[in-house]
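Contents: one structure, followed by commentary.
The values are calculated or read from the model by the stated rules, or taken from the named source; none is laboratory data. Small disclaimer: the values here were computed from a predicted structure and weren't measured. Every residue, glycine as well, gets a Cβ built from its backbone with ideal geometry; the counts of neighbours run over all protein chains shown.
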Amino acid sequence: MRIPSLLTLTAVLLLPVSLAAQAIEWRDPLVDRMAGTWKLEGQVMGREAHHEVRADWVLNHQFLRIQEKTAASAPNAERTYEAFWFLGYDSISERYVLHLMDVFGARYSESLGYGTREGNQIRFVFEYSDGPFHTTYRWNPENDTWEWLMEQKDKNGKWVPFADLKLTRVATP
């Protein structure tokens, strides 16, 4: 039995790093419109929501990282929330991928959302253990705003609203 040389072993271990370094940046003109700072307002489960959203490109421009958290100016009675969304695109399966990590823990982070684009919107489907969930990101070019619409199936199999949110761009100095 021949033992591989240190040089061969090093080359094999560095190959994935070398290939990743050559990855082409993902460019998507619709998703790029979400980069920036936003004020989010609307309803989540029938309750008012006032959040701040910051979206920026990370990981060699492969993902749009979206940070959402309860605004400092939100009413005291509002439930605090914080989440990170990572929005990417799988060119092999030709679909968007959305990974959510939030204050509710790993249980709801185990499912990826898979999305398709139609015009100015991307509709994601999450297959959670307690049933399917839809999240639609819709850009309104007339006023440079985004709508985030979320719905879930109830016990009777009917799609019901979970959240209806509007994002308005915040001017940054």
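In segment 30-51, the residues that are exposed (fewer than 15 other Cβ atoms within 10 Å of the Cβ) reach residues that are part of a strand (DSSP E or B) and of a type in the set (A, V, I, L, M) with C-beta atoms within less than 6 angstrom, at least six apart or across chains, in these pairs: A35/A55. W148 meets the stated requirement of being touching a residue at least 24 places away in the same chain (Cβ under 8 Å), surrounded by 10 or more Cβ atoms within 10 Å (Cβ to Cβ) and within 26 Å of Q62 (Cβ to Cβ). Among the conditions (1) at pLDDT 95 or above; (2) at negative phi; (3) within 16 Å of the chain's Cα centre (by Cα), the only one that E41 does not satisfy is (3). Are any of the residues in segment 139-161 of a type in the set (K, R) and at pLDDT 95 or above? No - not one qualifying residue is present in segment 139-161.
R138: charged (D, E, K, R) and either under 19 Å from M34 (Cβ atoms) or assigned to a loop (DSSP other than H, G, I, E, B) (or both), yes or no? So R138 passes the test.
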